[in-house]
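The values are calculated or read from the model by the stated rules, or taken from the named source; none is laboratory data. What you see is a predicted model, and the numbers here were worked out from it, not measured in a lab. Cβ atoms come from the backbone with ideal geometry, glycine included; neighbour counts cover every protein chain shown. Ligands, DNA and RNA are stripped out before the accessible areas are found, and what is left, the full protein with its side chains, is counted by its heavy atoms. Shrake-Rupley method; radii C 1.70, N 1.55, O 1.52, S 1.80 Å.
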Amino acid sequence: MGNDFPIVDQVNLMPKLTILTPTYNRAHLLDRVCTSITLQHPDLLRALEWLIVDDGSTDDTSIKITQLSDTAPFRIRVLHIPHGGKHRALNAGFVEARADWITVIDSDDWFTEGALSKLNHVTQNETTDHVGIIFNPVTVWQRNKTYAFQTPDRITTFLDRENGEPAFDCTLTFRKEAVIAHAFPEIPSEQFLAEAWLLHEVGRHWDVYLSNKILACAQYQPDGLSANILEKRVTAPVGACLAYSTALKTPLRFWLYARAAGNFGRFWWHALLCKRTFIPIDSMTKLLCLGPGICFAVIDWITLRMRKR
């Protein structure tokens, strides 16, 4: 093999990349993630760790991780935490990760061929010390849709990405220093907080890198966050308000700002209904978002009632 890749010193165990997988009752999917890592460049396998954060699983996740650890040609570590939601699992994983760069791969994702070589080239040659997040579009399994940035392969601001690029799911690679400084808040009684909160917070202090290189394929599960996002947000309305209030602190384009304001008002009403502490807002924001917000909240209540029938 060539020597174009940084090789981890097996003695001091300091990897160049942490692959972070938060997981909850997904033992049946971990083999696929592991296989996709195994098929990457052999030199890179010696330069990474796969850190699995088991978010209080009640299936055979522990047994499966032990089996994979016995045969995988790379380092696997596991962190077991009480069930608290993906954002808490990510917080724990960010702290535990040993590498400077952390790529988040969910348990229903898997790497494409040559993905880590592409990522390695970006982290080694195309980023600066001011880049805190790398965005790579995902391919969605069995969907005839390809996502791409209009102006890729560049360092920019997160605000520019929000205002000037289409919105779609991405594989996210974080600089550890960036996410350690801006960890998710943990809200009692709630088990969901959208990753948008983290992106806006990190994006206020760090640059981002946009790449159209596909690193991963996603297969959204029927019981996953994407398929049940409305239920997750309605049952965690304070977190939803936090995510949208963070977006409202930035100079978004009018229609993006209006949508964030409407959604803030929407979940403000859900929080009020649940008798939970919600974010105080000024009179101008009330005028802007609480009127449309109650309309959205009523639609949510009707939609969820119909789903339960």
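Scan the range 159-178 for residues that are free of Cβ contacts under 8 Å to residues at least 60 places away in the same chain and of a type outside the set (Gly, Ala, Ser) and report the count.
Here is the first cut: in the range 159-178, the residues free of Cβ contacts under 8 Å to residues at least 60 places away in the same chain are 160-161, 164-170, 178.
Now narrow it down to the ones that are of a type outside the set (Gly, Ala, Ser): 160-161, 165-166, 168-170.
The number of residues fulfilling the criteria is 7.
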Checking Ala167 against (1) in a loop (DSSP other than H, G, I, E, B); (2) crowded, with 17+ Cβ neighbours inside 10 Å, only one condition comes out false. Which one? (2)
Only unsatisfied item for Leu225, checking (1) at pLDDT 95 or above; (2) open to solvent by 40 Å² or more (accessible area, probe 1.4 Å); (3) under 14 Å from the mean Cα position of the chain (by Cα), is (1)
Taking the range 116-133 on its own, how many of its residues are in a helix (DSSP H, G or I) and in contact with a helix residue (DSSP H, G or I) (Cβ under 8 Å, 6 or more places away or on another chain)? 3
If you take the residues in the range 245-262 that are within 22 Å of the chain's Cα centre (by Cα) and open to solvent by less than 40 Å² (accessible area, probe 1.4 Å), which one is nearest to Cys295 (Cα to Cα)? Ala260
Here, helices (runs of 4 or more DSSP H) confined to the range 22-76 with at least 2 residues that are within 18 Å of Gln219 (Cβ to Cβ) and open to solvent by 50 Å² or more (accessible area, probe 1.4 Å) are 27-38
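Among residues belonging to the range 233-253 that are β-branched (Val, Ile, Thr) and farther than 16 Å from Pro185 by Cβ, point out the one that is modelled with the lowest pLDDT. Walk me through how you get there before you give the answer.
Filtering the range 233-253 down to residues β-branched (Val, Ile, Thr) leaves 234-235, 238, 246, 250.
Okay, now just the ones that are also farther than 16 Å from Pro185 by Cβ, so 234-235, 250.
Details: Val234: 93, Thr235: 93, Thr250: 90.
Restricting to residues being β-branched (Val, Ile, Thr) and farther than 16 Å from Pro185 by Cβ, the top hit is Thr250.
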On the given criteria, is Trp206 buried (at least 21 other Cβ atoms within 10 Å of the Cβ) and within 30 Å of Gln40 (Cα to Cα)? yes
Asp9 fails exactly one of (1) in contact with an Asp or Glu (Cβ under 6 Å, 6 or more places away or on another chain); (2) modelled with pLDDT under 95, namely (1)
So which residues in the range 140-151 are closer than 11 Å to Asn212 by Cα and either surrounded by 14 or more Cβ atoms within 10 Å (Cβ to Cβ) or of a type in the set (A, V, I, L, M) (or both), if there are any at all? Tyr147, Ala148, Phe149
Yes or no: the range 114-128 includes at least one residue that is free of Cβ contacts under 8 Å to residues at least 12 places away in the same chain, over 17 Å from Ile19 (Cβ atoms), polar (S, T, N, Q) and open to solvent by 40 Å² or more (accessible area, probe 1.4 Å). yes
Starting from residues that are more than 14 Å from the chain's Cα centre (by Cα) and of a type in the set (Asp, Glu), keep the ones in the range 80-108 and report whichever is most open to solvent (accessible area, probe 1.4 Å). Asp100
In the range 277-299, what residues are modelled with pLDDT under 85, over 19 Å from His200 (Cβ atoms) and open to solvent by 70 Å² or more (accessible area, probe 1.4 Å)? Thr277, Pro280, Asp282, Ser283, Met284, Lys286, Leu287
Counted residues, the range 250-264 - those being of a type in the set (Ser, Thr, Tyr) and part of a helix (DSSP H, G or I): 1
Residue count for the range 152-164, restricted to those that are in contact with a strand residue (DSSP E or B) (Cβ under 8 Å, 6 or more places away or on another chain) and either open to solvent by 50 Å² or more (accessible area, probe 1.4 Å) or hydroxyl-bearing (Ser, Thr, Tyr) (or both): 5
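Being exposed (fewer than 14 other Cβ atoms within 10 Å of the Cβ), modelled with pLDDT of 90 or more and more than 20 Å from Ala89 (Cα to Cα) is the requirement here; does Leu230 meet it?
Details: exposed (fewer than 14 other Cβ atoms within 10 Å of the Cβ): yes; modelled with pLDDT of 90 or more: yes; more than 20 Å from Ala89 (Cα to Cα): yes.
Spelling it out, Leu230 is indeed exposed (fewer than 14 other Cβ atoms within 10 Å of the Cβ), modelled with pLDDT of 90 or more and more than 20 Å from Ala89 (Cα to Cα).
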Tell me, which residue of the range 181-191 that is at pLDDT below 95 and among the hydrophobic types (A, V, I, L, M, F, W, C) is surrounded by the fewest Cβ atoms within 10 Å (Cβ to Cβ)? Ala181
By residue number, the members of the range 222-242 that are in contact with an Asp or Glu (Cβ under 9 Å, 6 or more places away or on another chain) and farther than 15 Å from Lys86 by Cα are Leu230, Val234, Pro237, Val238
